[in-house]
Every structure is written in structure tokens, then in C-alpha cells.
Amino acid sequence: MQTYTVQTQGVCAKAITFAIEDGKIYDVKFYGGCSGNTSAISKLLEGTEAQNVVKILKGNDCGGRGTSCADQLARGVEQALTEAGVTQQA
């Protein structure tokens, strides 16, 4: 299982960690942010296809910031998949 860390920008969470195994996401942890929301996101995503995480969460905005904790996670997952040579499905 490969573990990744995202150093976030423009959101309350300072970092996000997650793991990808067999194309699925596990162990999502947000460091900072709105704990109720980030905890729920982590639970909902456990075992979800990583490509679907990107599709669902990328572009979500928080308060007009142009990003959100969920969007930052999606960007990190997308980068991890790209680095692993996984082609994104439309």
C-alpha cells in the first residue's frame, strides 16, 4: 500500500494523507479543517476507487476560495495516480 501526503494550499487543513492500494483509496486523514466534515469525507471514501474520488471531489469550492479540503484531496489523488502511470477515465 502506497501512502501519500498532500501539503494543502488555501484551505483550513494543513495536510492530508491517504493510501492507494489496487486502485482504491484508504486511510484518508485530514490535519486541520472542519473535523466533522473531514471525518465524514474520510469514512465515505474508504475503499472507493481512486479515480472516482477525483471525479466526485475535484472542483468543490469552500466559501469562494476556488478550492476546498475535498478538492485538495482530489488533486492529490489525481497527482498520485498520474505519478503511478494510471490514465484518468473521462
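The values are calculated or read from the model by the stated rules, or taken from the named source; none is laboratory data. No experiment lies behind these values; they were computed from the predicted model shown. Note: ideal-geometry Cβ built from the backbone for every residue, glycine included; neighbour counts use all protein chains shown. Please note that ligands, DNA and RNA were not included when accessible areas were found on the heavy atoms of the full protein model with its side chains. Shrake-Rupley method; radii C 1.70, N 1.55, O 1.52, S 1.80 Å.
A few points about this structure:
- Taking amide H as placed 1.01 Å from N in the peptide plane, the amide H of Thr48 sits under 5 Å from that of Ile25, each at least 5 places away or on another chain.
- Phi to ³J(HN,Hα) by Karplus 6.51 cos²θ - 1.76 cosθ + 1.60 over the range 6-18, Hz, x for Gly, Pro: 10, 8, 6, 9, x, 10, 5, 5, 8, 7, 9, 10, 7
- When only Cα pairs below 8 angstrom with a gap of at least 6 residues are kept, the chain shows a relative contact order of 24 percent.
- Crossing angle, helix 69-83 versus the chain [Cα axis fit, 0-90 degrees, rounded to tens]: 20 degrees
- Distant-in-sequence amide H partners of Glu21 (H built 1.01 Å from N, under 5 Å): Tyr26
- Electrostatic tally near Gly33: other residues with Cβ closer than 14 Å to its Cβ, Lys and Arg +1, Asp and Glu -1, net +2.
- Spatially proximal aspartates and glutamates relative to Lys29 (Cα-Cα < 18 Å; intrachain offsets below 8 disregarded): Glu21, Glu46, Glu49, Asp71, Glu78
- What a 1.4 Å probe finds exposed on the range 1-85 is 48% carbon and sulfur by accessible area, rounded to a whole percent.
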